[in-house]
1. Say whether the condition of being modelled with pLDDT under 95, open to solvent by less than 10 Å² (accessible area, probe 1.4 Å) and more than 11 Å from Ile59 (Cβ to Cβ) is met by at least one residue in region 151-161.
2. Test of understanding: among Ser89, Ser33, Ser82, Ser66, which residue is at pLDDT 90 or above, more than 27 Å from Ala172 (Cβ to Cβ) and of a type outside the set (A, V, I, L, M, F, W, C)?
3. Among the candidates Val123, Val111, Val145, single out the residue that is buried (at least 18 other Cβ atoms within 10 Å of the Cβ) and free of Cβ contacts under 8 Å to residues at least 40 places away in the same chain.
4. In region 137-167, how many are within 14 Å of Thr196 (Cβ to Cβ) and assigned to a helix (DSSP H, G or I)?
5. Can you work out which of the residues in region 202-215 that are at pLDDT 95 or above and aromatic (Phe, Trp, Tyr) is nearest to Gly112 (Cα to Cα)?
6. Suppose the filter is assigned to a loop (DSSP other than H, G, I, E, B), at pLDDT 95 or above and farther than 16 Å from Ala148 by Cβ; does Gly105 pass it?
7. Looking only at region 132-174, count how many residues are in contact with a Gly (Cβ under 7 Å, 6 or more places away or on another chain) and either farther than 17 Å from Ser97 by Cα or of a type in the set (D, E, K, R) (or both).
8. Identify the residue in region 40-79 that is in a strand (DSSP E or B) and free of Cβ contacts under 8 Å to residues at least 12 places away in the same chain and, among all such residues, is farthest from Arg214 (Cα to Cα).
Amino acid sequence: MAIEEDDEINTNILFTLQEGLDTHQEEEQQKQSLIGDASISPPPPLDHRHHLNSINAMIVTRQLPSQGLSFQLWPAAFSFLSLIDRDPSPLLLPSSSSLRILELGSGTGLVGIAAAAILGAHVTLTDLPHVLPNLHFNAIANAEVVAARGGSLAVRQLRWGVVEDIIDMESAPVFDAIIASDVVYYDYLIEPLLETIRVFVKGEVGFFMAHLRRWKKRDAVFFRRAKKYFDVLMVHTDPPVTGSRTGVSIYRFTARRRSLEAS
């Protein structure tokens with residue numbers, strides 16, 4: 001992606017983030033501890049098939065539950081996919097015949113793959129290095145369905161707050177929208193996530209996040225910090241899922257008007 005030169009972000013922010021920052025590999029190790037020892041009789045891969053009603057097509061994604069949370073599907077992803085399939089108009093996506101979308105923390109890639117197929121978009125799926133092989137697998141498995149709609153899929157490494165990964169993304173075409181689902185998990189990753197979003201969300205480019213509120217304090221910290229940089233608007237909410245008091249909400253983040261005027 002061609003990113004405009006921004007000394008404040010490239011020097012004061014990104015390098016500060018990398019200094020002393022735990023990587024996402026550590027995050028996955030912590031997540032793995034939540035689901036037990038995967039070396040003991042790991043379950044076989046699970047194939048999830050989802051019919052896209054809007055285009056009458058099927059997409060399939062492979063899950064590897066024994067590998068960690070990034071290899072499983074979560075409520076926010078289903079909600080995001082359903083909205084795109086049913087009526088993406090609340091997202092206020094740019095009207096373009098060659099829409100380019102960047103997905104952060106893609107996991108199995110379900111949402112990004114669905115967006116590529118439904119919208120005929122060119123979607124770049126990103127995640128941690130150890131997640132990429134399964135992400136590649138799912139991208140290839142759905143390449144024909146996506147291509148039939150004029151879309152395409154690319155898979156790239158992008159660790160939040162890691163300077164070399166962000167700089168490497170500069171070689172990609174300009175993105176029209178950034179998307180993510182269920183990416184607010186750990187306190188120490190809030191700032192790297194926000195600063196990564198800041199690199200890509202400029203001008204009219206929006207960040208669309210599907211989120212299920214699980215931790216009152218952590219969620220409050222994330223949204224309070226986010227509102228320092230972005231105008232945040234809830235564009236859709238679903239009824240509560242089983243076992244939860246709240247449903248998945250989808251938010252649109254755009255660069256704050258005051259920041260735009262100052263620049």
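1. yes
2. Working: Ser89 fails: more than 27 Å from Ala172 (Cβ to Cβ); Ser33 fails: at pLDDT 90 or above; Ser66 fails: at pLDDT 90 or above.
Step by step, each of Ser89, Ser33, Ser82, Ser66 is checked, and only Ser82 is at pLDDT 90 or above, more than 27 Å from Ala172 (Cβ to Cβ) and of a type outside the set (A, V, I, L, M, F, W, C).
3. Val123
4. 5
5. Across region 202-215, the extreme among qualifying residues is Phe208.
6. yes
7. So the answer is 4.
8. Looking at the filtered set, the residue picked out is His51.
The values are calculated or read from the model by the stated rules, or taken from the named source; none is laboratory data. Not measured: the values here are computed from a predicted model. Don't worry about glycine lacking a Cβ; one is built from the backbone with ideal geometry, like all the others, and counts go over all protein chains shown. Ligands, DNA and RNA are excluded from the accessible area calculation, which covers all protein heavy atoms including side chains. Shrake-Rupley method; radii C 1.70, N 1.55, O 1.52, S 1.80 Å.
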